[in-house]
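> Structure incoming, see below.
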Amino acid sequence: MRRPPSASTRRRQGLKGAFGRVPGAIGRYLSSDLAMGIVSVVVFVLVIKRSSIDPAYPALDLAFSALLIIALLVTAFRFGLFALCWAFFVVNIAGDSNITLLSKPYAGPAWAVAGVLFAMAILGFWLARAGEPLFGRAED
């Protein structure tokens, strides 16, 4: 039976493999996860902002885009892609509605959106408990 190659004998592909051929400490840094994260953020910013950079404040526009992409990547890696998709759904459903407690013409849709968001929060809490009682099990 053939065993899979270990991490030390496996050949790296892509940028990690190319930078890993550089000798010394510079090669180790360039092939590290931190350097790959920095390269990923720079590439994402350049791809996203290739034709829509603000001419008045280009540095501020690029910095804000980099910060936004870092926040999205951290959220995706920390909480998962499913949580990130739900966050986008909540922003899209709640971002365009007027939230009010008064008797305005848009109070009905506002209460419907608030109800959907509240139901999603209750469902998330119930799923996170995984069938356990709210305050834990009693000692027997």
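The values are calculated or read from the model by the stated rules, or taken from the named source; none is laboratory data. Quick caveat: nothing in here was measured; it's all calculated off a predicted structure. Every residue, glycine among them, receives a Cβ derived from its backbone with ideal geometry; neighbour counts consider all protein chains shown.
> Residue check: is Ile122 surrounded by 12 or more Cβ atoms within 10 Å (Cβ to Cβ) and within 23 Å of the chain's Cα centre (by Cα)?
No: the conditions fail for Ile122.
> Here is a follow-up. If you scan segment 91-140, which residues turn out to be of a type in the set (Phe, Trp, Tyr) and closer than 27 Å to Phe79 by Cα?
Phe118, Phe125, Trp126, Phe135
> Regarding Val47, is this residue surrounded by 11 or more Cβ atoms within 10 Å (Cβ to Cβ) and either in a helix (DSSP H, G or I) or within 17 Å of the chain's Cα centre (by Cα) (or both)?
no
> Any residue at all in segment 85-96 that's more than 30 Å from Trp111 (Cβ to Cβ) and either modelled with pLDDT under 80 or not in a helix (DSSP H, G or I) (or both)?
Within segment 85-96, none of the residues are more than 30 Å from Trp111 (Cβ to Cβ) and either modelled with pLDDT under 80 or not in a helix (DSSP H, G or I) (or both).
> To continue, here is another question. When you scan segment 52-69, do you find a residue that is assigned to a helix (DSSP H, G or I) and modelled with pLDDT under 80, even just one?
no
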